[in-house]
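Colleague: Sharing a structure with you now.
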Amino acid sequence: MNYDICIVGSGAGASPVAYTLAKAGAKVLVLEKGPWLTEKEFFKDELAISLRDAYNPELTDEQHVIEEEYQNDDGSLYWQGEATSESGWSFWNGNVVGGSSNFMSGYFHRMKPVDFRLRSEFGDIDGANIVDWPISYQELEPYYAMVEQVVGVSGKVIDHPNQEPRSTQDFPYPPLAEHPVSQWIDNGAQSLGFHAMPVPRAVLSQPALGRQSCEYSGYCSSYGCSSGAKGSGRAALLNAAVATGNLTIIANAKVYHLESNNKNQVSAVHYYDQQGRKQSVKATLYVVACQAVETARLLLASKSDYFADGLANNHGQVGKNLVFSAGGTGQGDFYFSELSKQQQNELKQVGPFINRALQDWYQINDKAFDGANNLGKAKGGTIDFLFHQNPIARVQGQQWDDNNELVWGEQLKEKIFQEFTSYKTLRFEVFNDWLPTDDCFVTLDEETTDKWGDPVAKVRIGAHPHDLKVGEYLAAKGTQLLEKLGAKNISTSISSYPPTNLMAGGCRFGDDPETSVLNKYCQAHEVDNLYITDGSFMPTGGSVPYTFTIYANAFRVAEHIKQRWQHVAKTIV
């Protein structure tokens, strides 16, 4: 069967396109490498989810090669790759229908106007490939508002020094129930002159859109949502698209090649079905949204007489300027023995979200900050507060005493008892820009293959030192608040290692084909009927989690594709 639209992938970048085009009447096909799971298959099972990575491939079957920088004895530097089947370091984020959006925390901060003009606002930084976006915040804003309505975002807009412009007065759904510690953060921030703000979440606070509301299990990040409250691409968009009768989803379909012709067009998609048999399908328009690393890998693997170095790669830009999210974490302990009975009871509550963030330093203007331009001015970021609800991870290490000797029996039971009854840890996460550089990119590894015999992606993960300076500056602000709240054992970890659940770039959009893969509508410069709608399009990542912006941009591009499809359909008629 020939389709109007064939989409490779089914996550946050794919589902808005499938939703928009299916509702418009187009015949849409989605090819998803993973299985089609629903709410009944999602459990709060820490062993399966966090320790055994149940929703991702076995690394012996499907892996990556990660290149890190090392130093020789003489001080010289070199890059060395290691297969993730050896390291155990997974770069997968959810190989199921709906993709990694099933397992997100749902922090839905918008990017701000300054994020779209990073180079214009702060200038060049040596060693970084910073560019302005080819679109403005104002062009994307209506689609942020659309996502809030269609996907379902709960929250409350407050006056804030860094509040971005909005076309709607507030979020469509009221805030989720809040943990009592949220008020502690509000009071502590106010006393320091900070501005704590409620965090909008892609989690329904009340039944709506044919979905149930949040059940406050306390398990959200990395876990599938068994109530359907979380705004995954599957629950929020694909279910409705399938109901139109115009969307076909083929699960367990691993796409390995996009065929192209002499008209600079994709002419067919080739994939392995669940039984490992080779299949092909044709469409008029094609969309790739496999998440940044795998999207670049697929294009690079799709070589032909017309694209000898990979599809849409005649200018050598595919895979370049990969970005993650810079920053890290911090934490502090609150000992019950040092708290009042009321404070203890508040701290011990489980379920409601903290839903508090700081964005006072989204733009740093501090002479004490030693940034790249030495002017005390730089793009800053976001600090989000949270609890981790993983008891197995928490108890890890209690089997050893202070002398690193193994303990068991009553001694082990007592240690575990004290671990869970004497204190609780409040954490924060820092999000700031991972600057694109020449040392962060995707290529193919011709020696390491997946279970089908296809070359895997080789990912170099070089970070810019400026990212660490910004992250450490923000972590110090989070530490300051934890100190104000009376936390003990405060520590932070700002790292140049990438958080693998936050990846973008690799097929950046822009006006110049020499330096970008896509135009402003995320259409490949070199391939007329190919669009890329996952986070690959992002030239810079901003200082917030990416999913909200990926959703919004995919809806924007979907409108363009819809108009093009409707024009073609009218021409044929």
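Colleague: Taking the criterion of being over 21 Å from Ser154 (Cβ atoms) and of a type outside the set (Asp, Glu), would at least one residue in the range 354-361 satisfy it? I'd like the intermediate steps shown before the answer.
Modeller: Here is the first cut: in the range 354-361, the residues over 21 Å from Ser154 (Cβ atoms) are 360-361.
From what is left, the residues that are of a type outside the set (Asp, Glu) are 361.
Taking every residue of the range 354-361 in turn, at least one turns out to be over 21 Å from Ser154 (Cβ atoms) and of a type outside the set (Asp, Glu).
Colleague: Another question about this same structure. Run down Ser167, Ser213 and say which single residue is surrounded by 17 or more Cβ atoms within 10 Å (Cβ to Cβ), in a loop (DSSP other than H, G, I, E, B) and at pLDDT 95 or above. Don't jump to the end; show me each part of the working.
Modeller: On the way: Ser167 fails: surrounded by 17 or more Cβ atoms within 10 Å (Cβ to Cβ).
The unique qualifying residue is Ser213.
Colleague: Does Ser221 satisfy the condition of being in a loop (DSSP other than H, G, I, E, B) and surrounded by 19 or more Cβ atoms within 10 Å (Cβ to Cβ)? Outline the logic, then answer.
Modeller: On the way: in a loop (DSSP other than H, G, I, E, B): yes; surrounded by 19 or more Cβ atoms within 10 Å (Cβ to Cβ): no.
Taking the combined requirement at face value, the residue does not satisfy it.
Colleague: Counting only residues that are assigned to a helix (DSSP H, G or I) and surrounded by fewer than 23 Cβ atoms within 10 Å (Cβ to Cβ), which one in the range 224-246 is farthest from the chain's Cα centre (by Cα)?
Modeller: Ala243
Colleague: Find the residue count for the range 202-231, including only residues that are among the basic types (Lys, Arg) and under 19 Å from Asn501 (Cα atoms).
Modeller: Narrowing the range 202-231 to residues among the basic types (Lys, Arg): 211, 230.
Then keep just the ones that are under 19 Å from Asn501 (Cα atoms); that gives 230.
Residues that pass the stated criteria total 1.
Colleague: Something else now. Only one residue in Asp439, Asp511, Asp467 is in contact with a Phe, Trp or Tyr (Cβ under 9 Å, 6 or more places away or on another chain), within 21 Å of Val114 (Cα to Cα) and of a type in the set (Asp, Glu), so which one is that? Walk me through it before giving the result.
Modeller: Numbers: Asp439 fails: within 21 Å of Val114 (Cα to Cα); Asp511 fails: in contact with a Phe, Trp or Tyr (Cβ under 9 Å, 6 or more places away or on another chain).
None of the others qualify; the one that does is Asp467.
Yes/no matrix, rows are residues, columns are (1) touching a Cys at 6+ places or on another chain (Cβ under 9 Å); (2) β-branched (Val, Ile, Thr); (3) more than 30 Å from Ile354 (Cα to Cα):
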site	(1), (2), (3)
Asn56	no, no, no
Leu59	no, no, yes
Glu62	no, no, yes
Ile66	no, yes, yes
Asp73	no, no, yes
Leu77	no, no, yes
Ser87	no, no, yes
Trp92	no, no, no
Met104	yes, no, no
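Colleague: Please state which of the following conditions Gln317 fails to meet, knowing it meets all the rest: (1) part of a loop (DSSP other than H, G, I, E, B); (2) over 25 Å from the mean Cα position of the chain (by Cα).
Modeller: (2)
Colleague: Looking at the range 1-43 only, could you name the residues that are crowded, with 20+ Cβ neighbours inside 10 Å and basic (Lys, Arg)?
Modeller: The one that is crowded, with 20+ Cβ neighbours inside 10 Å and basic (Lys, Arg): Lys33.
Colleague: With respect to Leu468, determine if the residue is in contact with a helix residue (DSSP H, G or I) (Cβ under 7 Å, 6 or more places away or on another chain), over 25 Å from Ser50 (Cα atoms) and modelled with pLDDT of 95 or more. If you could, list the steps in order and put the result at the bottom.
Modeller: Values: in contact with a helix residue (DSSP H, G or I) (Cβ under 7 Å, 6 or more places away or on another chain): no; over 25 Å from Ser50 (Cα atoms): yes; modelled with pLDDT of 95 or more: yes.
The answer is no for Leu468.
Colleague: Any idea which of Leu322, Leu285, Leu298 is in a helix (DSSP H, G or I) and either of a type in the set (A, V, I, L, M) or under 24 Å from the mean Cα position of the chain (by Cα) (or both)? Lay out the reasoning, then the answer.
Modeller: Values: Leu322 fails: in a helix (DSSP H, G or I); Leu285 fails: in a helix (DSSP H, G or I).
Result of the check over Leu322, Leu285, Leu298: Leu298.
Colleague: May I ask you to list the residues in the range 437-461 that are exposed (fewer than 15 other Cβ atoms within 10 Å of the Cβ) and assigned to a strand (DSSP E or B)?
Modeller: Selection gives Glu446, Glu447, Thr449.
Colleague: Do we find that Ala326 is touching a helix residue (DSSP H, G or I) at 6+ places or on another chain (Cβ under 6 Å) and either surrounded by fewer than 16 Cβ atoms within 10 Å (Cβ to Cβ) or over 28 Å from Asp467 (Cα atoms) (or both) in this structure?
Modeller: Values: touching a helix residue (DSSP H, G or I) at 6+ places or on another chain (Cβ under 6 Å): yes; either surrounded by fewer than 16 Cβ atoms within 10 Å (Cβ to Cβ) or over 28 Å from Asp467 (Cα atoms) (or both): no.
No.
Conditions tested, residue by residue: (1) closer than 25 Å to Arg166 by Cβ; (2) surrounded by 21 or more Cβ atoms within 10 Å (Cβ to Cβ); (3) modelled with pLDDT under 95; (4) charged (D, E, K, R).
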position: Leu59; (1), (2), (3), (4): no, no, no, no
position: Val65; (1), (2), (3), (4): no, yes, no, no
position: Asn72; (1), (2), (3), (4): no, no, yes, no
position: Trp79; (1), (2), (3), (4): no, no, no, no
position: Phe108; (1), (2), (3), (4): yes, yes, no, no
position: Pro113; (1), (2), (3), (4): yes, no, no, no
position: Phe122; (1), (2), (3), (4): yes, no, yes, no
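Colleague: Could you tell me which numbered condition Met503 fails, if it satisfies all but one of (1) among the hydrophobic types (A, V, I, L, M, F, W, C); (2) within 25 Å of Ile383 (Cα to Cα); (3) touching an Asp or Glu at 6+ places or on another chain (Cβ under 6 Å)?
Modeller: Tallying (1) among the hydrophobic types (A, V, I, L, M, F, W, C); (2) within 25 Å of Ile383 (Cα to Cα); (3) touching an Asp or Glu at 6+ places or on another chain (Cβ under 6 Å), Met503 fails exactly one: (3).
Colleague: Give the residue, chosen from Arg564, Arg556, that is in contact with a helix residue (DSSP H, G or I) (Cβ under 7 Å, 6 or more places away or on another chain) and part of a helix (DSSP H, G or I).
Modeller: Values: Arg564 fails: in contact with a helix residue (DSSP H, G or I) (Cβ under 7 Å, 6 or more places away or on another chain).
On inspection, the qualifying residue turns out to be Arg556.
Colleague: Within the range 531-545, is there a residue that is more than 25 Å from Trp565 (Cα to Cα) and more than 16 Å from the chain's Cα centre (by Cα)? Outline the logic, then answer.
Modeller: The initial filter retains those residues of the range 531-545 that are more than 25 Å from Trp565 (Cα to Cα), namely 539-545.
Among the residues that remain, those that are also more than 16 Å from the chain's Cα centre (by Cα) are: none.
Scanning the range 531-545 turns up no residue that is more than 25 Å from Trp565 (Cα to Cα) and more than 16 Å from the chain's Cα centre (by Cα).
Colleague: If you don't mind, there's one more thing I want to ask. What are the pairs with Cβ atoms under 8 angstrom where one residue, in the range 185-208, is among the acidic types (Asp, Glu) and the other, located anywhere, is not in a loop (DSSP other than H, G, I, E, B)? Sequence gap at least six, or different chains.
Modeller: Short answer, once both residue conditions are applied: Asp186/Ala196; Asp186/Arg356.
The values are calculated or read from the model by the stated rules, or taken from the named source; none is laboratory data. Predicted model, so just to flag it, every value in this text is computed and none were measured. Reconstructed Cβ throughout: ideal geometry from the backbone, glycine too, with neighbour counts over all protein chains shown.
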